[in-house]
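So the structure is just underneath, and the comments pick up after that.
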Amino acid sequence: MEHYCPVPPKRGRAVTVDTPPRFFGRTPELHTVLTCVDQAPATGLISIQITGEPGIGKTSLLTEIARTLRARDCAVLESASDVLGKRIPYGAVVAAIRSLPAPVDRVRAEALAALEFSGSDDSGAWFGRACDQVVRLLTGLTAARPAALLVDDLDHVDDDSLALLGLVLRRVSAAPLVLVTASRSPVSEPGAEHLLDRVEQHAEVVRVELAPLSGADVARIVEAVLRTPVDEALAREVHQRSDGNPFFVTEIARSLRELDLVTLDGGRARLAVSPDAIRLTRREAVLRRVAPLENDTRLVARAVSVFRRVRLDQIPLLARVASLPEHTVVEAFDALLRAHIVVHDDERGYRFSHALVGEALYHEVGPAQRRHLHSLISARLLDDRAQGLPVDLLQLAWHLAESAAPGDRVAVGVLAEAAALARSTAPETAAALCGRALQLLPRNAPERAELLALQCRVLARASRPALAIEPGLAALRWLPAGQERARVVTAVISSLFSVGRTAEAVELADREVAGADVPASLRAQRAVLLVYTGRHDAAAAEVARVEALPMGSPNEGVIVNEHLAMLTSLLFRHDESVEYANRALACSDGQPMLELQALSVCASISALAGLVHDAGWRLRRAEELVDQVGSHGFRAERASSRVVLDWLGGRWDAALDGIARWRPDVEAAQADQAIGVLRAVELSIRTWRGELDVAARLAALPAPASVNISRLHALALAEHLIARGAVDQAHDLLTSGVGDRLEAPYSCVLVARAIELDLDRGRAADAEAALDRLAAVSPARVSPWSRTTVLRVTGLVRRDVHPVREAVSEAALGGLEFEKARAQLVLGELADDEVPALVEAYTTFQRLGAHGLRRQAGNRLRALGAKVPRARSKAPGLLTEAEENVARLVQQGMRNRDIAAALHYSPRTIEVYLSRIYAKLHVSSRLELARVLDAMQQR
């Protein structure tokens, strides 16, 4: 804790008792934070990143922030970490929740229960459940007024808490929440850096670098320590030696007093000797904090520095480490408390009042002695464990990691056990424990294979595919054929594919299937990879081989049939795809988690194929099962399925809401395919709605690497290019990569859209040739999406209403609302007696916000002399002054970035304002907004 702790002046070597800390010199920084809290209801999540050297006052500032906000009745969650805390999975998040004042309500209790560490939980269920409960808690805390999450010592926050916060904060980015982090500058921990980078993508960011205190503030602290006014020379000397660091100001002032180097003169304290005679550095000032202690008390303080945090029931162990009688340790420990060197930290035991004190003592011990003390602690904990006494396995693992010598098989066993315990719920911690155990083992030790395999699998589970590859490949050099090897191979192949190293994934799969006793799951995984590398015939030949292999377990049966469902879907054999999806469900054998997996994965496969009804019932059953079993595995598959179904089913507002809600989940999981799906769908909707500025940002993002999603993205991107007037570029994009036999995913839809462009550009012959090519393969394409698209363009090219009517019927039966309306528009343009179809299309386009197509339908209705349905009311809501300022600048044609600069907001704040303006004025684009404002001015 970075407190300025004044003590009454005393002579001699007696231990003094500190008075309560006071707050000096950080009023401007405090005002900055409070201003951000006031702005949070309008801006959503704000991240305030406080940085500075140790002792500069970060903790003091956070303490004052918490006190001030609580006085305003704002909810405040506080968390502080240290070296030991970094090894406690989710410890920082748990501490933050427990910091809320009593009583503990049901939501808080459920959040704490969800974060309870257990090795028996399902790997996919636990993390998602914990995230949901923390999101629910934060949402409730911010419902009535802003709330603050204060995270001290971000550098020491455990990786699992960082991963959870990264997802949770993204999901509550619209809430009036202020995240205040304090860390040493620069931030050196990769996990902490990653969290700040992720938060910066969806939050207002305010950076506060704590500078050294001014001379006047230093003088105030010195006066508080000495309890008397000080002269200018004394204050200047302390300021110079402390570099304006408030912690060192306090310690140096205290040391000057205790060394009798200050005296009172005329009611003011001044130096009693020449400054040149003083030998007192910043480090010496810290060590002098414990110098007045008796020798035994100092020994106990050094022992506590090895524990970092100690409980009262560990006093006997502390005595063993300090090599002192237990009664002596009790007296010394109480002396440390009286001197405010050690403080009570609620349920977490006792710790040093400031990390710098603990660090100074810890490094004073010396590396050999530190290792010896860690060894004593671990030996005692191992003895207790052998006697059946309760021992914190993760704490034991930490002490062994700090003390074990290379080759210590006992330490390796404990570290491996701790990693296995943590693998389901804290994969980051498990991977780190595996890494330390591997350092203790010789390079040729047979135990390395098991540890490398576990490290690979937990890193893959933690969505760290790039890091999972190397240990996985190393493990495969040792592992014999069998179930464990097959699991590692699967993890490595998936990781290689995730990072874009598809050729290596196929090469590894080829090598593995060349051996004997190849499991069906691996052969099925390889077959899917063959499609992704363009080897369609080879992939098709694998279906029968995979089916002939035995299934070793219900789990393998689900996995194999999922892969076969994906494979046949990519090969346009959708009837078979549905059958394999049904088999996957049947193989789940009534096990809820396997059933959820089969339903979620196969719902995604069917949705992406345009099989709306098949995907719909699977998704509904999966969502019901989630409620029953409380599991949140396969969220990315369910999220992408729901968004695609809402998109194809004409529920575009729901699709956009889902994208905003689920994007953080799929990004956190590095689920590249689901990320690509969400981007493609949003790009399509934004383009059809005329929101081209938003669409342009999406179009500028890299295209998905997945072969099937890249073609879905190409369809959406082509529409964006057409809207921008780049028709030739759009045509090239639509026709490239579809394959000689139109074997590429979505090739029917892509070529059909290219045919429409050929007609628009007056290239009827090209359109006829492309249609003939399409007709040659379309009979085998049974997806309603492909069929309705082919029928629509067939009627358009040949000016024949019959296939277009069939397209309308096919789309209606398939649940494809947008495609149905497009077919009705074509039907109305070809026939003069299809006014009802045109009216229905007009209404659909109006409801979806596809105003370009709506106007096209309206023009055709007017040409036929029919009545155009009345446009929905755009009665304006009441805009606030800030919203009206933003709206007027949009009306003038300014971009978000320019508006932000003009109004001194961030671009993200402008986006928030625009979303509210659109909702109040019932518009969906900048053009519509300008028109509504023009009409308002004319009234």
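The values are calculated or read from the model by the stated rules, or taken from the named source; none is laboratory data. Just so it is clear, the structure is predicted and the values come from calculations on it, not from any experiment. Positions of Cβ are generated from backbone atoms using ideal geometry, with glycine treated the same way; all protein chains shown enter the neighbour counts.
In the stretch 532-553, how many are of a type outside the set (A, V, I, L, M, F, W, C) and in a helix (DSSP H, G or I)? Give the steps one after another, and end with the answer.
Within the stretch 532-553, the subset of a type outside the set (A, V, I, L, M, F, W, C) is 532-537, 542, 545, 547, 550, 552-553.
Next, from what is left, pick out any that are in a helix (DSSP H, G or I): 532, 536-537, 542, 545, 547.
So the answer is 6.
I'm checking my understanding of the structure. Among residues of the stretch 169-188 that are over 17 Å from the mean Cα position of the chain (by Cα) and either not in a strand (DSSP E or B) or not assigned by TED's automatic domain parsing to the domain that holds residue 40 (or both), which one is modelled with the highest pLDDT?
Restricting to residues being over 17 Å from the mean Cα position of the chain (by Cα) and either not in a strand (DSSP E or B) or not assigned by TED's automatic domain parsing to the domain that holds residue 40 (or both), the top hit is 176.
In the stretch 40-72, what count of residues is obtained for those that are over 19 Å from residue 250 (Cα atoms) and either out of contact with any Ser or Thr (no Cβ under 9 Å at 6 or more places or on another chain) or of a type outside the set (S, T, N, Q) (or both)?
16
Only residues that are without any contact (Cβ under 8 Å) to a residue 40 or more places away in the chain and crowded, with 18+ Cβ neighbours inside 10 Å: list them for the stretch 309-323, please.
Answer for the stretch 309-323, where residues must be without any contact (Cβ under 8 Å) to a residue 40 or more places away in the chain and crowded, with 18+ Cβ neighbours inside 10 Å: 314, 318, 319, 322.
Which ones in the stretch 777-825 are of a type in the set (A, V, I, L, M, F, W, C), within 44 Å of the chain's Cα centre (by Cα), surrounded by 21 or more Cβ atoms within 10 Å (Cβ to Cβ) and within 17 Å of residue 754 (Cα to Cα)?
Passing the criteria: 785, 790, 791, 793, 823.
Specify which of the listed residues (138, 169, 162) is in contact with a Gly (Cβ under 9 Å, 6 or more places away or on another chain) and hydrophobic (A, V, I, L, M, F, W, C).
Going through 138, 169, 162 in turn, just one is in contact with a Gly (Cβ under 9 Å, 6 or more places away or on another chain) and hydrophobic (A, V, I, L, M, F, W, C): 162.
Let me confirm something: among 637, 595, 624, 556, which residue is under 30 Å from residue 850 (Cβ atoms) and in a helix (DSSP H, G or I)?
Exactly one residue qualifies, and that residue is 637.
Can you find, within the stretch 332-341, the residue that is surrounded by the fewest Cβ atoms within 10 Å (Cβ to Cβ) among those that are touching a helix residue (DSSP H, G or I) at 6+ places or on another chain (Cβ under 8 Å) and at pLDDT 80 or above?
335
Being in a helix (DSSP H, G or I) and farther than 22 Å from residue 369 by Cβ is the filter here; which residues of the stretch 308-334 pass it?
Filtering the stretch 308-334 for residues in a helix (DSSP H, G or I) gives 312-322, 326-334.
Within the stretch 308-334, 312, 313, 327, 330, 331, 334 qualify.
Let me spell it out: the conditions are (1) surrounded by fewer than 17 Cβ atoms within 10 Å (Cβ to Cβ); (2) modelled with pLDDT under 90; (3) hydrophobic (A, V, I, L, M, F, W, C), and residue 765 meets all of them except one. Which number is the exception?
Exception for residue 765: condition (2).
Please work out which residue is modelled with the highest pLDDT, limiting yourself to the stretch 262-303 and to residues that are of a type in the set (Gly, Ala, Ser) and not in a helix (DSSP H, G or I). Break it down stepwise before answering.
In the first step, residues of the stretch 262-303 are kept if they are of a type in the set (Gly, Ala, Ser); the result is 266-267, 269, 272, 274, 277, 285, 291, 301, 303.
When the remaining residues are screened for being not in a helix (DSSP H, G or I), the result is 266-267, 269, 272, 274, 291.
Working: 266: 79, 267: 82, 269: 86, 272: 77, 274: 74, 291: 48.
Taking the candidates together, the pick is 269.
Among the candidates 686, 635, 642, 661, which residue alone is among the basic types (Lys, Arg) and surrounded by fewer than 20 Cβ atoms within 10 Å (Cβ to Cβ)?
On inspection, the qualifying residue turns out to be 661.
Please go through (1) closer than 20 Å to residue 76 by Cβ; (2) at pLDDT below 90; (3) in contact with a Ser or Thr (Cβ under 8 Å, 6 or more places away or on another chain) for residue 144 and return the number of the only condition it doesn't satisfy.
With (1) closer than 20 Å to residue 76 by Cβ; (2) at pLDDT below 90; (3) in contact with a Ser or Thr (Cβ under 8 Å, 6 or more places away or on another chain) applied to residue 144, the lone miss is (3).
If you go through the stretch 487-543, how many residues are in contact with a Cys (Cβ under 9 Å, 6 or more places away or on another chain), over 13 Å from residue 559 (Cβ atoms) and either in the same structural domain as residue 738 (by TED's automatic domain parsing) or at pLDDT below 90 (or both)?
Number of matching residues: 1.
Surrounded by fewer than 23 Cβ atoms within 10 Å (Cβ to Cβ) and either among the small types (Gly, Ala, Ser) or modelled with pLDDT of 90 or more (or both), is that true of residue 439? Reasoning before the result, please.
On the way: surrounded by fewer than 23 Cβ atoms within 10 Å (Cβ to Cβ): yes; either among the small types (Gly, Ala, Ser) or modelled with pLDDT of 90 or more (or both): yes.
The answer is yes for residue 439.
Answer yes or no: is there a residue in the stretch 443-464 that is free of Cβ contacts under 8 Å to residues at least 24 places away in the same chain and aliphatic (A, V, I, L, M). Break it down stepwise before answering.
The first filter runs over the stretch 443-464 and keeps only residues free of Cβ contacts under 8 Å to residues at least 24 places away in the same chain, leaving 443-445.
Of the ones still in play, those that are also aliphatic (A, V, I, L, M) are 445.
Among the residues of the stretch 443-464, at least one is free of Cβ contacts under 8 Å to residues at least 24 places away in the same chain and aliphatic (A, V, I, L, M), which makes the answer yes.
Give me the residue from the stretch 73-82 that is within 26 Å of residue 250 (Cα to Cα) and touching a helix residue (DSSP H, G or I) at 6+ places or on another chain (Cβ under 6 Å) and, out of that set, surrounded by the fewest Cβ atoms within 10 Å (Cβ to Cβ).
78
Could you tell me whether any residue of the stretch 453-465 is more than 24 Å from the chain's Cα centre (by Cα) and surrounded by fewer than 18 Cβ atoms within 10 Å (Cβ to Cβ)?
Within the stretch 453-465, not a single residue is more than 24 Å from the chain's Cα centre (by Cα) and surrounded by fewer than 18 Cβ atoms within 10 Å (Cβ to Cβ).
Check whether at least one residue in the stretch 398-408 is of a type in the set (Ser, Thr, Tyr) and either free of Cβ contacts under 8 Å to residues at least 12 places away in the same chain or surrounded by 24 or more Cβ atoms within 10 Å (Cβ to Cβ) (or both), and report yes or no.
Checked the stretch 398-408: no residue is of a type in the set (Ser, Thr, Tyr) and either free of Cβ contacts under 8 Å to residues at least 12 places away in the same chain or surrounded by 24 or more Cβ atoms within 10 Å (Cβ to Cβ) (or both).
Mind telling me which of the residues 203, 163, 235 ends up being modelled with pLDDT under 90, not hydroxyl-bearing (Ser, Thr, Tyr) and not assigned by TED's automatic domain parsing to the domain that holds residue 35?
On the way: 203 fails: not assigned by TED's automatic domain parsing to the domain that holds residue 35; 163 fails: not assigned by TED's automatic domain parsing to the domain that holds residue 35.
Of 203, 163, 235, the one residue that is modelled with pLDDT under 90, not hydroxyl-bearing (Ser, Thr, Tyr) and not assigned by TED's automatic domain parsing to the domain that holds residue 35 is 235.
Considering only residues that are outside any helix (DSSP H, G or I), touching a residue at least 24 places away in the same chain (Cβ under 8 Å) and surrounded by fewer than 17 Cβ atoms within 10 Å (Cβ to Cβ), which ones fall in the stretch 502-526?
Across the stretch 502-526, the qualifying residues are 515, 516, 517.
Would you check which residues across the stretch 642-682 are within 19 Å of residue 814 (Cβ to Cβ) and not aliphatic (A, V, I, L, M) and list them?
Within the stretch 642-682, 642, 646, 647, 649, 650, 651, 652 qualify.
For the stretch 639-649, check the following and say yes or no: at least one residue is of a type in the set (S, T, N, Q) and modelled with pLDDT of 90 or more.
Step one: of the stretch 639-649, the residues of a type in the set (S, T, N, Q) are 640-641.
Then drop every residue that is not modelled with pLDDT of 90 or more, which leaves 640-641.
The answer is yes, given that some residue of the stretch 639-649 is of a type in the set (S, T, N, Q) and modelled with pLDDT of 90 or more.
Which is of a type outside the set (Asp, Glu), closer than 18 Å to residue 25 by Cβ and touching a residue at least 40 places away in the same chain (Cβ under 8 Å), of 238, 249?
249
On the given criteria, is residue 590 closer than 22 Å to residue 520 by Cα, in contact (Cβ under 8 Å) with a residue 60 or more places away in the chain and not in a helix (DSSP H, G or I)?
no
Looking only at the stretch 559-586, which residues are in a helix (DSSP H, G or I), touching a Pro at 6+ places or on another chain (Cβ under 9 Å) and touching a residue at least 60 places away in the same chain (Cβ under 8 Å)?
570
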